[in-house]
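The block underneath contains the structure these notes are about, expressed in structure tokens.
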Amino acid sequence: QPALSNKPRKKKKKRKTKKNSAGETVEDNDLEDIDSLLERIEDPGLAPQSRGGIIADSRPLLYVEHRNLNPENELKRYFGARAVLGDQRPRQRQRQYIRSMWLTAPKNTWPRYSKTGITMQLLDTRRGVQHFTFEHHREYQQVQFKFLDAVESMDPNNIVLLLQMNPYHVDSLLQLSDVCRMQEDQEMARDLIERALYSLECTFHPVFSLTSGTCRLDYRRPENRAFFLALFKHLMFLEKRGCPRTALEFCKLILSLDPENDPLCVLLLIDFLSLRAREYTFLTRLFHEWESHRNLSQLPNFAFSVPLAYFFLSQQEELPELERSQARERAAQLIQLALIMFPSVLMPLLDHCGVQPDARVTSHPFFGLNAQISQSPALNQLTSLYVGRTHALWKDPAVMAWLEPHVHEVLRMVEAQDVLVQEAEHKRKIRYQSAPRNIYRHIILSEMKEATAALPLEVTSQPVMGFDPLPPLDSIVSYTRPERTNHPSNESTLSLFFRSLLPNFNLQGDIRHDGDDEAGAVQDLNQGVNRLMAAMRDMLANIQFQEPPRDDNPEGDGDWD
């Protein structure tokens, strides 16, 4: 019996050693097989359904997979693990203080993380949906007030100084990222956004889940907006980096945080990312499940992208012939409805694709210039946004060959005065009178020049801050910024003059509130005079006079102003 009892123990130990050695072999030599191993671990019953044509798997629509939030996994599928990771793995073993996260991969170059003063609280749970909110503690509020002062100074260096003292202040990271992007420092801009996401993820509530699709954040609360904006800007960087599948997963995450209100209007973007990532089944399922209560077909992007997704499904040879024929019929039906409802999309789309339509289409008033002029400004913004963003997906010659007969079929229906054409014209006149605020917010964040040029004056005339573009009009404010102690209206004309020359100049200094202290008042006056003299000396020292041209200068004309 002792021999029998020791034998399994010995085998167990041996098996453990073998497992470790196998693990090291996979880690060092077979990195390319990690994704294939993960696919085998997945539920085999879900995989065939997710590859099906029209009906998707049984998981929730906005279900988010953790492994799809990591862009390295997508890049490894394209280029292989060795090309992506290189020699990063030994360096990661030396990292001691940075913990693993889902949204971003922390870097050794980042400052050491410490509590910032942000926490997440669970407000309530209704119908299986949990409502959370971020909260700013008093010390973080003080940093936020300094940040607002730095923004008003219009000097990015003040934000840099603030980040040196508070390296994980989220709004400063978002604002400085915009500054770096304007200076074409894309790498630094992306790094700052990732650091903001890392800072926010460190404050998550233990119950908060990224993947369930049942956790909500209210955009009306200013504390929650930074998380929405950081996720949106991160997915835009991912899409430009060539990771549309990862960007789609982040887009689903943003939509799951507030699917009813959609404060950043990611519904205008999710179709493009689905097509780029070739997730046609997800796009068709989203349209099928949400059309009844969200009227997605009334958005130009869904009206055109969904039939395009069905067309791509009909071209997949691995699908059964029945599903392919159903997808082909569905694509034909929907693209004709899209052309009837939004005729102003066709000509700009063909122009962006470099395609010259035939004479019948060009001369017909239904698709001509009149279709673009007669539409409302709000509809013009939606169509311009879609054409500018998605035109590259329509350049495929097979897509154009599929589109052409449907355009002629729509013209036949127009000439026959079909009822659908008249109903669509009536809908265009009634709807799209003005765009909601979240669409304006989306256009500003997307920076699509075709749509930005169509923004109304009431949007373009007001200042737009990168850390909070177009805040909601019904914001839920938990704390307010204290009023400034020094009011310029109480300053003298001389003080205002020097303040215009030297923004940091302050004649009044620290005003004493005890009006009975005469000695203090005299001291304040002396300090004010000393500041004034110092400011004058500083200004005179910085004045540089231009030397007059010399008489022996042959190129000069002798005149000097």
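The values are calculated or read from the model by the stated rules, or taken from the named source; none is laboratory data. As the structure is a prediction and not an experimental result, all values here were calculated from the model. A quick note on method: Cβ atoms are made from the backbone with ideal geometry, for glycine too, and the neighbour counts reach across all protein chains shown. The accessibility values were calculated without ligands, DNA or RNA, using every heavy atom of the protein model including side chains. Shrake-Rupley method; radii C 1.70, N 1.55, O 1.52, S 1.80 Å.
Average accessible surface for segment 266-435: 45 Å² per residue, computed with a 1.4 Å probe over protein heavy atoms with every protein chain in place. Between their Cα atoms, which of Lys107/Lys252; Lys240/Lys395; Lys115/Lys146; Lys240/Lys449 are more than 21 Å away from each other? The answer is Lys107/Lys252. Spatially, segment 118-142 and segment 193-271 are offset by 16 Å when compared through their Cα centroids. Sparse packing (at most 16 other Cβ atoms within 10 Å of the Cβ) combined with a DSSP loop state is found for the following trypsin sites (Lys or Arg not before Pro) in segment 102-195: Lys107, Arg112, Lys115, Arg127.
As a fraction of the 1.4 Å probe accessible area of segment 266-435, surface on carbon and sulfur atoms comes out at 51 percent. For segment 313-429, the relative contact order comes to 32 percent (Cα pairs under 8 Å, sequence separation of at least 6). To the nearest 10, the accessible area of Thr480 is 100 Å² with a 1.4 Å probe. Loop-resident GluC sites (Glu not before Pro) (DSSP state other than H, G, I, E or B) in segment 258-316 with no more than 11 further Cβ atoms inside 10 Å of their Cβ: Glu260.
Taking the alpha carbon gyration tensor of segment 266-435, multiplying each eigenvalue by 5 and rooting it gives semi-axes of 24, 19, 16 Å, largest first. Loop-resident trypsin sites (Lys or Arg not before Pro) (DSSP state other than H, G, I, E or B) in segment 409-455 with no more than 15 further Cβ atoms inside 10 Å of their Cβ: Arg431. Note on segment 266-435: dipole from Cβ charges, positive end direction compared against Leu369, Val414, Ala435; the farthest Cα belongs to Ala435.
By definition, a body whose alpha carbon gyration tensor gives a ≥ b ≥ c is oblate when a/c is 1.5 or more and a/b is not larger than b/c, and segment 358-426 fits this oblate description.
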